[in-house]
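Beneath this line is the structure, given in structure tokens, with notes to follow.
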Amino acid sequence: MIRAARLTILAAFAAGLLAGCRPSVEDVCEDLSDQCSETTFSECLFEGESLEQQAHSIGCDEQFDAYIDCASDAVCAWEPLCETQRIDLLECGAVF
């Protein structure tokens with residue numbers, strides 16, 4: 001279950017470039033794979049692309065952006081620190 005949750009949040013990071021000065025999902029995946037032993041870049045990128053596309057298609061861009069911003073700041077501690085943003089994304093309709 002924890003692995004699935006981690007993969008889910010990693011997916012948020014891997015979804016491509018975000019607008020403006022925000023960190024890209026690719027950048028976050030690179031940071032996670034470099035700093036967190038349980039993260040692989042390719043898995044993060046694949047899942048992130050899927051989550052970003054889903055969030056965009058259901059109008060949850062703002063929630064997705066907040067989630068990726070949080071993960072960028074939290075790095076390896078993203079799971080507990082970004083739970084509020086994850087819940088907001090879930091409540092918007094995203095499926096992890």
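Considering D69, D88, the condition of being within 12 Å of the chain's Cα centre (by Cα), assigned to a helix (DSSP H, G or I) and either surrounded by 13 or more Cβ atoms within 10 Å (Cβ to Cβ) or modelled with pLDDT of 95 or more (or both) is satisfied by D69 alone.
Among the residues of the range 35-63, just one is within 16 Å of G93 (Cα to Cα), of a type in the set (S, T, Y) and over 11 Å from the mean Cα position of the chain (by Cα), namely S57.
Just the residues that are modelled with pLDDT under 85 and either more than 20 Å from E83 (Cα to Cα) or outside any helix (DSSP H, G or I) (or both), please, taken from the range 1-37. Passing the criteria: M1, A14, A15, G16, L17, L18, A19, G20, C21, R22, P23, S24.
For G48, state whether it is in contact (Cβ under 8 Å) with a residue 24 or more places away in the chain and assigned to a loop (DSSP other than H, G, I, E, B). No.
The values are calculated or read from the model by the stated rules, or taken from the named source; none is laboratory data. Values in this document were obtained by computation on a predicted structure and should not be read as measured data. No Cβ is skipped: glycine too gets one built from the backbone with ideal geometry, and neighbour counts run over all protein chains shown.
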